[in-house]
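*Asks:* Sharing a structure below in structure tokens format, with a few things to ask.
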Amino acid sequence: MTHQAGQKQKAEAHIISSIPFFSTLKADEIEKVERLFRKQNYEKEQIVLYEEDTSNYMYLIYSGKVRVVKMNEDGKEQIITIHKKNDFFGEMSLLDGKTSPATIIAHEESVIGLLHKDDFEQHLMSNEGIRRKVIELLCGRLRDSWEMIRILSFNAENAQDRVISLLDRLGELYGVRDDRGIIIDVKMTHQQMASYASVTRETMSRVLRSLEKSGMISVLQNKAILLNHPFHQQRARH
């Protein structure tokens, strides 16, 4: 094995060990799990999984991002969340093999590993530590869902509060902190952010301009959003 191949294998093993219910496994067990994943390439905007499709897989993102969406009656997206490198989704399929509750779309070019339900049951479900971690994970996912519901139902009459709550949540999930504040770099269009917060694109653009003018946020050259210190000071008062 070449040095480069060895480094790649170590990196992929690290990704798998970052999954909570695999975190208790030993190095040789992690390697066995890594071999169970089948890697697949997805182009930007390619559908990974349709809502109501029957799925027998859990998905692990080796590179790229995907967005989880619900489609309304007009065919417009309502973004539920975005998953990035090292994230995983579809873990419920490992337990019940039922239909997907949402559509998954590649937000950019992505490499995703697929773990089949049968392989999970055969090789992993006998491990007590894994079973316990799966339960903890599902409880965490439920809390995340309630947080998203809170954002979507928060002060429906005040669009600015909704957008601020959304930015705060994106900062928690995807933000990188530096001495200026927290940088959110998930490459979302104003339309996608608007669908996330259940406001119109025009409203999203207007509120972002207002927040930038007030100094709460800055839009960087690469279109990332910087949550400045005044943003966090304002959130701390609420």
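*Asks:* Can you list the residues, at least 5 places off or on another chain, whose amide H is less than 5 Å from the amide H of Ile217, using H built in the peptide plane?
*Replies:* Glu212, Asn228
*Asks:* Another question, then. Taking the dipole about the Cα centre of the chain, with the C-beta of Lys and Arg at +1 and of Asp and Glu at -1, give me whichever of Cys139, Leu124, Gly175 is farthest to the positive side.
*Replies:* Sorting the options by dipole projection puts first Gly175.
*Asks:* Give me the dipole magnitude in Debye, nearest 20, for the chain about the Cα centre, with unit charges on the beta carbon: positive for Lys and Arg, negative for Asp and Glu.
*Replies:* About 680 debye.
*Asks:* Taking the structure as given and computing Cα Rg over 2.2 N^0.38 Å, which label from (1) 1.42; (2) 1.10; (3) 1.17 fits?
*Replies:* (2)
*Asks:* Go ahead and run the numbers for FRET between Asp53 and Asp96, Cβ-Cβ distance against an R0 of 22 Å, rounding to 0.05.
*Replies:* 0.95
*Asks:* Cα centroid distance between segment 152-216 and segment 56-129, in Å?
*Replies:* Centre-to-centre (Cα) distance: 25 Å.
*Asks:* Now, a different point. Quick one: helix 3-17 against the long Cα principal axis of the chain, what's the angle to the nearest 10°, folded into 0 to 90?
*Replies:* Value to nearest ten degrees: 70.
*Asks:* Compute, for segment 5-122, the length of the dipole vector about the Cα centre, with Cβ point charges of +1 (Lys, Arg) and -1 (Asp, Glu) only. Units Debye, rounded to 20. Can you show the working numbers first?
*Replies:* Numbers: 16 positive and 21 negative charges, 95 e Å.
Dipole of segment 5-122, to the nearest 20 debye: 460 debye.
*Asks:* Tell me, what is the FRET efficiency for Gln78 and Glu128 to the nearest 0.05, using R0 = 45 angstrom and their Cβ-Cβ distance as r?
*Replies:* Given R0 = 45 Å and the Cβ-Cβ separation, E is 0.70.
*Asks:* For the chain, what is the calculated [θ] at 222 nm in deg cm²/dmol (nearest 500), taking -39500 (n - 2.57) for each run of four or more DSSP H residues and dividing by its residue count?
*Replies:* Value at 222 nm, helices only: -14000 deg cm²/dmol.
*Asks:* Also, I was wondering about something else. With +1 on each Lys and Arg Cβ and -1 on each Asp and Glu Cβ, how big is the dipole of segment 159-234 about its Cα centre, in debye rounded to the nearest 20?
*Replies:* Dipole about the Cα centre, nearest 20: 220 debye.
*Asks:* To continue, here is another question. Take the Cβ-Cβ distance between Thr189 and Arg35 as r, set R0 to 35 Å, and report the resulting FRET efficiency rounded to the nearest 0.05.
*Replies:* The value I calculate is 0.40.
*Asks:* Helix 27-36 versus the longest principal axis of the chain: what angle, 0 to 90°, nearest 10, using Cα atoms?
*Replies:* Between the helix axis and the principal axis of the chain, the angle is about 80 degrees.
*Asks:* Of Tyr42, Phe231, Thr99, whose Cα points farthest to the positive end of the dipole of the chain (charges on the beta-carbon: +1 Lys, Arg; -1 Asp, Glu; origin at the Cα centre)?
*Replies:* The Cα lying farthest towards the positive end belongs to Phe231.
*Asks:* Here is the link list: Lys10/Lys32; Lys39/Lys65; Lys44/Lys70; Lys10/Lys133; Lys10/Lys98. Which ones come out longer than 21 Å on Cα distance?
*Replies:* Lys10/Lys133; Lys10/Lys98
*Asks:* Roughly what angle does helix 128-153 make with the longest principal axis of the chain, taking Cα atoms, 0 to 90 degrees, to the nearest 10?
*Replies:* 20 degrees
*Asks:* Quickly rank 192-200, 122-130 as a protection proxy: mean count of other C-beta atoms within 10 Å, highest first.
*Replies:* Working: 192-200: 21.1, 122-130: 14.2.
Going from most to least packed, we get 192-200, 122-130.
*Asks:* If you don't mind, there's one more thing I want to ask. Please list, in chain and number order, the residues 5+ apart from Thr81 or on another chain whose amide H is under 5 Å from its amide H, with Hs placed from the backbone.
*Replies:* Amide H to amide H, under 5 Å and 5 or more residues apart or across chains, Thr81 pairs with Val68.
Bear in mind these aren't lab numbers, they're just calculated from the coordinates by the rules spelled out. The model shown is predicted, which means the values in this text are computed figures rather than measured ones. Virtual Cβ from ideal backbone geometry, glycine too; neighbours counted across all protein chains shown.
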